[in-house]
């Protein structure tokens, strides 16, 4: 597996568009983001260029149209961000993080059941 580049919050928004529908032109990414961001088209194009430089995405060119596609999967990025978060905040230890979230978070009976099932599967 290739090294997963660090992706900023803004770049993450662009990646979500590309993970949902790929390949996408810059204009398609701009259209997908215009409903929930106030970014100018130039900002989105800059983010696309940064992601290309980081080798998180690539593109194919047909005439003057660039079609962008991810080089890293959403799962790879989520795992990388999770590992980074654990290292920065909890020294890499999972249990303190889990305990903290469980103490602070309101869980529905369905959530609790799902967590129990996950833990039961881990002990098998």
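Extension gain, residue 98-residue 22: 0.36 nm per intervening residue step, less the Cα-Cα distance, totals 23.9 nm. Where in segment 86-113 does the label zone of residue 6 land, with the point 7 angstrom along Cα→C-beta and an amide N cut-off under 14 Å? Inside the label zone: 86-89. If you bin all the Cα-Cα distances of the chain at 5 Å, starting from zero, the percentages per bin are 2, 9, 16, 16, 14, 12, 11, 10, 6, 2, 1, 0.
Take each peptide in 40-47, 12-19, 81-88, count the other Cβ atoms within 10 Å of every residue, and average; sorted highest first, the result is 12-19, 40-47, 81-88.
Where a number appears in this text, it was derived from the coordinates with a stated rule and is not lab data. Everything quoted here is computed from the prediction, not taken from an experiment. Heads up, the Cβs are rebuilt from the backbone with ideal geometry, glycines too, and the neighbour counts pull from every protein chain shown.
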